[in-house]
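Before any comments, here is the structure.
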Amino acid sequence: MAKQNVKRKRPLIGMSYQGALLALLVFLIVLFGLLEPVFFHPNVLFNVTAIIGEIGIMALAMTFIITTGGIDLSVGYILQLSAIVFGSVYGSSHSLAQAIAAAMLCATACGFLNGIIISKTKIPPLVTTLATMNLYRGLSMIVAGSQTYSGFPEGFKQISTINLFGIVPIQFTYFLVLFLAFALFYSKGTLGRNLKGIGFNEQVLVFSGINTKRSLLFIYTLCGFMCGLGALIYLGRLSAATTSMGNDLNLQVITAVVLGGTSIMGGIGSVAGTFIGVLIIGVLRKGFTLLNFSGNIFNFTLGVILIIALVAFALLEERKRTSQRRLKG
Amino acid sequence: MKHKRIFTRETILGLIVLAFMAYLSLTTNFASRNGFFSMMLDVSPTIVGAIAMSLVIFTGNIDISAGTILGFVSYTAGELAMSGAPMVLFVPAAIVVGMLIAGLNGWISVTFRVPSIVVTLAMNMVHLGFYATFLRNSGWIENLGDNFTWFGRGMFFNLVPYIFIVSLVVAAIFIFIMRYSKFGKTLYAVGGNRQAAIYAGINPDRTVIKVYLVEGFLLGIAGLLKAMTRSDVLPSSFQGREMTFIAAAVVGGVNIMGGSGKLIGALFGALLVYMLSTAMIYMGFQDYYQFALQGVIILIAVFITVTDFKALKHNLRHAFAAREGK
């Protein structure tokens, strides 16, 4: 009985926060629509779901990582590196299969390196991924130099240019399918439970005989894999790989996850929240583009949103704690 | 227990730096006047910045926005100097700007209990966006006159730049502070064991805000030392400097988890990181290899600091003994 009570209570709190997020999303859409009426056009609205493909996919894996109290600052540069690898392998071999395999392998290896360092040594995730971020950035510059890879075949571009039913961008369906899978693993099954446990108190899980290191290694590798997928989708849309792509994706991904209500301290999180957070980021990006704001203003706004989200979440937690204390007397 | 070890981490580091210098002098033209001069010019801001970063790391925090704070500092100094302000005016103004911006990082992190790395990461983006959005020409200032550059370009005996002396003096003062003052001890205490620090009567929150203010002060100096050598200022060009500072600090043995390390180590670390990148340039690598190098340096240095080698040795010996026993 008691267990059921707890279970029923949790989503209620989660829902109210996600409800607020949804309200924010609708508010932003209406706001941009009023400022620039073309925003309400279905093509534009669906285009929002096209441009969030890659950050959405990375944000799902990032939700898992942040739930454990970790972080991955290198996602943008893993994406960049695997896109560059894709470009250079395709440029030399002209084989799409080889290029895709190389890009995915590279991204997964990058994630694996993060994971192995974080799980096997005592170096904190923040520092590890800060260092590997520079490493991957350097590597992609070393591979590419000042080159830009382009001229990918039309068949490849279709992985992110087709519209289903003539209107729904195909990236959005990838994101949706992966979202459902991640949400399932997050709320049901042992993996999600272990991740939240690691975020709350890793020591307790270790003492209960759970191999937390394996879970950590798995999710960081998974995150690398997702960055590889993101790179392919991104490339299909942009059709050119340069060393400037992916530079500011880190912040977008982290902002989406934190905005979605995943605590940066770990232990609490919501994949559905991340989904809405990603949509909010997409709406902002599209709206800013339509209003002719520069990318710098977008990044500035994102930084401010991230700080506000962090602060708001901290304040909410504080209030919850004090109200609980009052209830206890 | 009284006898002092001669081969501490810092002396070994110093010897490595000397060996590296000797190697570079023998294999390249590093030993010439130009080699030494450009080293002193380049390494001065890094020394001051590495000390600033080390102080923050001592308390178990970090500042990813250090590089972009330098941009604000140099912009303030450049803008004021452009409008004809004398050095006694723009130097303190720039330092105050550095203190305010860094202090804001510390205040947000402490008040709302948010990890400093995430706050400063977001701030890094906010700063960059701020330059581009709110500053004229993205903060680019050119044709600065002698009233701005005389100090940065000045030198004693036509060899030792003023700024190098400034950085050494700053380093000496802070090494002294960390060793003998109460403030220095509180930094180690807060980073080492927060709970114990509270029981010892230290207010960790106040200490962290204070250390960010001091960091801002030092970053102000570092930004000025860098900016005043040139007649133009571009704030966004400072992005990424924080990685050099962090690399210098961790190479110097500053524990990234907080609580231990020495500033003299950070000083040697700054020299070593400079020497490594110079060596790479002499060997003909493009400068973008620096990113990869810094990442690897940080990983290795942190690994060495964080790993408990005694325990590792002990465990390995037991593992081998167990295997042989079978």
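Just so it is clear, none of the values below were taken in a lab; they were calculated from the coordinates. Keep in mind the model is a prediction, meaning the values are calculated, not measured. Cβ: placed from backbone, ideal geometry, glycine included. Neighbour counts: every protein chain shown.
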Note to self: Quick one: 3J(HN,Hα) in Hz for the range B:140-147, Karplus 6.51/-1.76/1.60 with θ = phi - 60°, rounded, Gly and Pro as x.
What the structure shows: 7, 10, 10, 6, 6, x, 5, 5
Note to self: Sort A:174-184, B:74-84 by packing, meaning the average of other beta carbons within 10 Å per residue, with the highest value first.
What the structure shows: B:74-84, A:174-184
Margin query: Only Cα pairs within less than 10 Å get springs; with that Gaussian network setup on chain B, which residue of B:Ile64, B:Ile177, B:Ile101 has the largest fluctuation?
Written below: B:Ile177
Next item on the list: Within a 10 angstrom radius of each residue's Cβ in A:145-155, how many Cβ atoms of other chains show up on average? Whole number is fine.
Entry: 0
Next item on the list: Express in whole angstrom the spacing between the alpha-carbon centres of the range A:21-56 and the range B:255-326.
Entry: 47
Notebook entry, point to check: Where the centroid of each part is defined by its Cα atoms, how far is the range A:112-156 from the range B:148-207 in Å?
Noted result: 34
Note to self: Give the average, rounded to an integer, of partner chain Cβ atoms located within 10 angstrom of each Cβ in B:109-116.
What the structure shows: 5
Margin query: Averaged over its residues, how many other protein chain Cβ atoms are within 10 Å of peptide B:129-135's Cβ atoms?
Written below: 5
Checklist line | Degrees between helix B:263-282 axis and first principal axis of chain B (Cα, 0 to 90, nearest 10) | finding: 70
Note to self: I'd like the chymotrypsin sites (Phe, Trp or Tyr not before Pro) in the range B:121-176 restricted to DSSP loop residues with at most 16 other Cβ atoms within 10 Å, sorted by number.
What the structure shows: B:Trp140, B:Phe157
Checklist line | Unsatisfied cross-links (Cα-Cα over 20 Å) in the set B:Lys185/B:Lys210; A:Lys120/B:Lys310; B:Lys185/B:Lys262; A:Lys122/B:Lys313; A:Lys122/A:Lys188 | finding: A:Lys122/A:Lys188
Check: When the helices in the protein assembly as shown are scored as -39500 (n - 2.57) per DSSP H run of 4 or longer and the sum is shared across all residues, what 222 nm value do you end up with, to the nearest 500 deg cm²/dmol?
Finding: -25500 deg cm²/dmol
Check: For chain A, list the DSSP H helices whose alpha carbon atoms reach 18 Å or more along the long axis and whose average Kyte-Doolittle value is -0.5 or above?
Finding: A:2-35, A:53-67, A:75-93, A:96-120, A:125-144, A:170-187, A:189-207, A:212-238, A:271-290, A:295-328
Notebook entry, point to check: Using the Kirkwood formula over every pair of different C-alpha atoms, what hydrodynamic radius in Å results for chain A?
Noted result: 20.6
